[in-house]
Amino acid sequence: MTEWLLHWTMRSSVRTAAIGVEKPPRFENASSIRIAAVHFEGGCAECHGSPVRRRSAEVLAMLPPPPDLRATIGQWKDEELFVIVRDGLRYTGMPAWPGRGREDEVWAMVAFLRELPGMNAARYQELSGDVASERSPFSSCLSCHRQSAPGSDESIPVIAGQTGPYLTQALHAYISGKRESGFMEVAVSKFEETDIAAAARHFADLSTQLSAKVTTPVADERVFALTLTGDPVKKIAGCNACHDGRNLRYPVLGGQSRTYLRQQLLLFRENRRGDSATERLMSQAVRNLSDEDIDRLAAHYASIRPAEAPR
């Protein structure tokens, strides 16, 4: 009777919290389902099981025991799953999402969970990554950041060939929580200073040709103005003031996917990218960009090759 009452209360609470949640259009086709699968394997499968992992006796002895999601996902609406992943469940082992404000990541997890019940072992391994055979100290990074692999996730940035100082700065920002991302905060949570230095050096030395796909060049006066001088009337800074390849603290934008660039510009504009000095600077620089400007800039940088820069 107690178990029934607590479970009923939990479901009622989730149902109520989900009333105001708006599902984004076409979220089922989220391009970030691969990174969600990698996160699930690293942080969720131990408790909830997976097509390739059985749960341990210790997990099954938890009170309350975590459910096998493949059998229970169908009991929840998408909006309710969003609430559970975002907020966690009080008095259970289910934590809240680590990256505050990153609703795009939460929806990516929901999209993955919707596929999970019908997923076989081969499909799950394809998504979650099986790079242990490479015997690389960065095999966990390569689960996501392997842009040369078929079906690469376009919401994941190209880090091969980025500068060492930028990669070091980004990893520190994730670890300290100044840059928001539930996916990355969990992935680097156990990194020591030596791991940060080694990872930055490793990926800085890789060829940028691991990178993205050839896209149609975008060449119009508005794009040239935004990249070179910005828009003084709207107080928009020119992109090349920082991203010309000479300042090693800023990322190389050429060759990133259009999906990733658009996503990041939207996060900056909405002040949801983080709270480091560079995040605040970028949020000010792009706060007056229109949706059309963002689409044009994302298409432009996706169409050009990465600039050569010192590593």
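Numerical summary
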item	result
Index of the failed condition, ALA96 passing every other in (1) surrounded by fewer than 20 Cβ atoms within 10 Å (Cβ to Cβ); (2) modelled with pLDDT of 90 or more; (3) out of contact with any helix residue (DSSP H, G or I) (no Cβ under 8 Å at 6 or more places or on another chain)	(3)
Every residue from the range 207-236 that is open to solvent by 50 Å² or more (accessible area, probe 1.4 Å) and at pLDDT 80 or above	GLU221, ARG222, PHE224, LEU228, THR229, PRO232, VAL233, LYS234, LYS235
Residue within the range 51-70 that is modelled with pLDDT under 85, surrounded by fewer than 13 Cβ atoms within 10 Å (Cβ to Cβ) and either in contact with a His (Cβ under 9 Å, 6 or more places away or on another chain) or outside any helix (DSSP H, G or I) (or both) present	yes
Odd one out for VAL21, checked against (1) within 20 Å of VAL186 (Cβ to Cβ); (2) in contact with a Phe, Trp or Tyr (Cβ under 7 Å, 6 or more places away or on another chain)	(1)
Pairs where the first residue, in the range 168-195, is at pLDDT 90 or above and open to solvent by less than 40 Å² (accessible area, probe 1.4 Å) and the second is in a loop (DSSP other than H, G, I, E, B) and among the hydroxyl-bearing types (Ser, Thr, Tyr), C-beta under 9 Å, 6+ apart	ALA173/SER276; TYR174/SER181; TYR174/SER189; PHE183/SER32
The range 22-38, residues that are out of contact with any Leu (no Cβ under 6 Å at 6 or more places or on another chain) and within 15 Å of GLU115 (Cα to Cα)	ARG26, PHE27, GLU28, ASN29, ALA30, SER31, SER32, ILE33, ILE35, ALA36, VAL38
Single match in LEU248, LEU289, LEU253, LEU281 (criterion: open to solvent by 40 Å² or more (accessible area, probe 1.4 Å) and part of a loop (DSSP other than H, G, I, E, B))	LEU248
Selected residue (criterion: farthest from ALA96 (Cα to Cα)) from residues of the range 14-50 that are surrounded by 13 or more Cβ atoms within 10 Å (Cβ to Cβ) and hydroxyl-bearing (Ser, Thr, Tyr)	SER31
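The values are calculated or read from the model by the stated rules, or taken from the named source; none is laboratory data. Because the structure is predicted, anything quoted here is derived from the model rather than measured. A quick note on method: Cβ atoms are made from the backbone with ideal geometry, for glycine too, and the neighbour counts reach across all protein chains shown. Protein only, heavy atoms only, side chains kept; ligands, DNA and RNA dropped before computing areas. Shrake-Rupley method; radii C 1.70, N 1.55, O 1.52, S 1.80 Å.
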